[in-house]
Amino acid sequence: MNKKQNNKYGFTIVELLVVISIIALLVGILVPAVNKARDTAKMTQSKSNLHQVTIAMSNYSADWNGDHFTTAPPNLSSGDRRGQTVDYAINEIRGGSTPIGIRLGEHSQGNQTYVFFLNNEEGVVPYIFASGNTDTSGMSPAMPGFGTWRYPNALQLAEYMNGLPLHKAYFSPKDTVALRTLEGCDAQNGSYCVSSRGASIWGWNPPSWNSNMILAPSSYCISPALMYNAQVYAWDDDAGITFTDPMDINTGFRPSTIDQAQFPNLKSWLMEHNWLQNSVTDCSMNWEGTWFNGLDSCWDGCEPFHFNNSYKSAPITAYTDGHVGTFEVAQADRDSALVATENGMGLWHTETGDGAGGYFTGYGSDWVSWSGHTHTTNGIKGRDILGK
């Protein structure tokens, strides 16, 4: 009697194994699908972020006669300052009590209101080259590759984002380091808020009246080629015209205007900075002297590959015509090689003050020498891809 009951209500070992196998199979099918859906949702959010930020930048340009955003005075290299170092020029202008640089915020004390600026090279110069007059190689620390191109969340632009320099739209959903560090700061109005952990990462010592005030770079970066006069990135092999240091041109710091774009659907404007899409985490690649090296909370202890330096990278990108899409680095590299066979240069400069390597190419996963977006040949008049 008991035997019949056991057969009626129980499972055999074979039946249990079949059920477990079916469950394992379903999990194997569903987990990748769920991960892909989550990844797609994050990419969609990043595209939405870029769309919001480019609208803010477009509104800024409309208010400034079509000029692209820059905090450098247009006359930074004019007159006697032409041919001088950028440090000399900045100190001369700053010495005259002229407001200059990225505006950080305001602080009221008694009956006085103080406006704070980041008025060193990083807060004034669109892009700091590794050599030439627009560099800081003689300073300690030197800051090649830094500059206002990393800060579309400067308060001048954040005024068009509800006055929030740490608005969530400034940070990609996959940029986990920034999101962890700045957790709870996105509603901070008019100044930069960051945790003590963030202060240790970005290393800026704020004034005592606001121990949480710091300039944290956005996940997205502006094309420096749009922030300088197009003549800076000019190239004409037949005429012998090559890259010119901005400090050697009277109007080197006069930003380009949007209507100067000759290929608006092919020239990048705003791009994810780190390799966030199609990324491969490799914990053996921990580089010395870089921002996040050795910090346990960063990408589970791994250093990110900087500036999409891989053929596999496909950063979400906004273009000067306003559309947002995916930028395929491998395709762009092939396009540039094709153009180089015709004009000797390619789609991006290899003769800038950064040398043939370009920005952070030494930190690429497959050593791709890619300087699109940062050093586009002919600046706003050039393009970063050929298109279809």
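Filtering segment 328-355 down to residues that are charged (D, E, K, R) and assigned to a loop (DSSP other than H, G, I, E, B), which residue is surrounded by the most Cβ atoms within 10 Å (Cβ to Cβ)? Talk me through it step by step, then tell me what you get.
To start, the set of residues in segment 328-355 that are charged (D, E, K, R) comprises 328, 333-335, 342, 351, 354.
If we keep only those that are assigned to a loop (DSSP other than H, G, I, E, B) too, we end up with 328, 351, 354.
Working: E328: 18, E351: 14, D354: 25.
Here the residue is D354.
Going by the conditions given, is E122 in contact (Cβ under 8 Å) with a residue 12 or more places away in the chain, surrounded by 14 or more Cβ atoms within 10 Å (Cβ to Cβ) and in a helix (DSSP H, G or I)? First the steps, then the outcome.
Numbers: in contact (Cβ under 8 Å) with a residue 12 or more places away in the chain: yes; surrounded by 14 or more Cβ atoms within 10 Å (Cβ to Cβ): yes; in a helix (DSSP H, G or I): yes.
Against the criterion (in contact (Cβ under 8 Å) with a residue 12 or more places away in the chain, surrounded by 14 or more Cβ atoms within 10 Å (Cβ to Cβ) and in a helix (DSSP H, G or I)), E122 qualifies.
Have a look at T98, T134 and point out the one that is part of a loop (DSSP other than H, G, I, E, B), buried (at least 16 other Cβ atoms within 10 Å of the Cβ) and among the hydroxyl-bearing types (S, T, Y).
Values: T98 fails: buried (at least 16 other Cβ atoms within 10 Å of the Cβ).
Selected residue: T134, the only one of T98, T134 that is part of a loop (DSSP other than H, G, I, E, B), buried (at least 16 other Cβ atoms within 10 Å of the Cβ) and among the hydroxyl-bearing types (S, T, Y).
If a residue has to be within 17 Å of T136 (Cα to Cα) and touching a residue at least 12 places away in the same chain (Cβ under 8 Å) to count, how many in segment 54-92 make the cut? Talk me through it step by step, then tell me what you get.
Within segment 54-92, the subset within 17 Å of T136 (Cα to Cα) is 72, 76-77, 81-92.
The next check asks that each one be touching a residue at least 12 places away in the same chain (Cβ under 8 Å); those that pass are 72, 76-77, 81-87, 89-90.
Number of matching residues: 12.
Quick test of your reading of the structure: T352 fulfils all but one of (1) closer than 28 Å to I55 by Cβ; (2) at pLDDT 85 or above. Name the failing condition by number.
Here T352 meets the rest and fails (1).
Has segment 204-224 got at least one residue that is β-branched (V, I, T), buried (at least 16 other Cβ atoms within 10 Å of the Cβ), at pLDDT 90 or above and assigned to a helix (DSSP H, G or I)? Full working, then the answer.
Here is the first cut: in segment 204-224, the ones β-branched (V, I, T) are 214, 222.
Checking which are buried (at least 16 other Cβ atoms within 10 Å of the Cβ) leaves us with 214, 222.
When the remaining residues are screened for being at pLDDT 90 or above, the result is 222.
Subset that is assigned to a helix (DSSP H, G or I): none.
Within segment 204-224, not a single residue is β-branched (V, I, T), buried (at least 16 other Cβ atoms within 10 Å of the Cβ), at pLDDT 90 or above and assigned to a helix (DSSP H, G or I).
Given the condition under 30 Å from A37 (Cβ atoms) and at pLDDT below 90, answer yes or no: does some residue in segment 129-148 qualify?
Narrowing segment 129-148 to residues under 30 Å from A37 (Cβ atoms): none.
Within segment 129-148, not a single residue is under 30 Å from A37 (Cβ atoms) and at pLDDT below 90.
With the structure loaded, tell me whether H306 is surrounded by 24 or more Cβ atoms within 10 Å (Cβ to Cβ) and modelled with pLDDT under 90 or whether it fails that test.
Details: surrounded by 24 or more Cβ atoms within 10 Å (Cβ to Cβ): no; modelled with pLDDT under 90: yes.
Taking the combined requirement at face value, the residue does not satisfy it.
How many of the residues making up segment 250-274 are over 21 Å from W370 (Cβ atoms) and polar (S, T, N, Q)?
6
With more than 21 Å from I128 (Cα to Cα), modelled with pLDDT of 95 or more and of a type in the set (A, V, I, L, M) as the only criterion, which of L266, L276 stands out? Before you say what the answer is, go through the steps one by one.
Working: L276 fails: modelled with pLDDT of 95 or more.
Step by step, each of L266, L276 is checked, and only L266 is more than 21 Å from I128 (Cα to Cα), modelled with pLDDT of 95 or more and of a type in the set (A, V, I, L, M).
I'd like the full set of residues that are within 23 Å of M271 (Cβ to Cβ) and among the small types (G, A, S), limited to segment 226-242.
Matches in segment 226-242: A230, A234.
The values are calculated or read from the model by the stated rules, or taken from the named source; none is laboratory data. Predicted model only: the values in this text are computed from it and were never measured. So basically every Cβ, Gly included, is an ideal-geometry build from the backbone, and we count neighbours across all protein chains shown.
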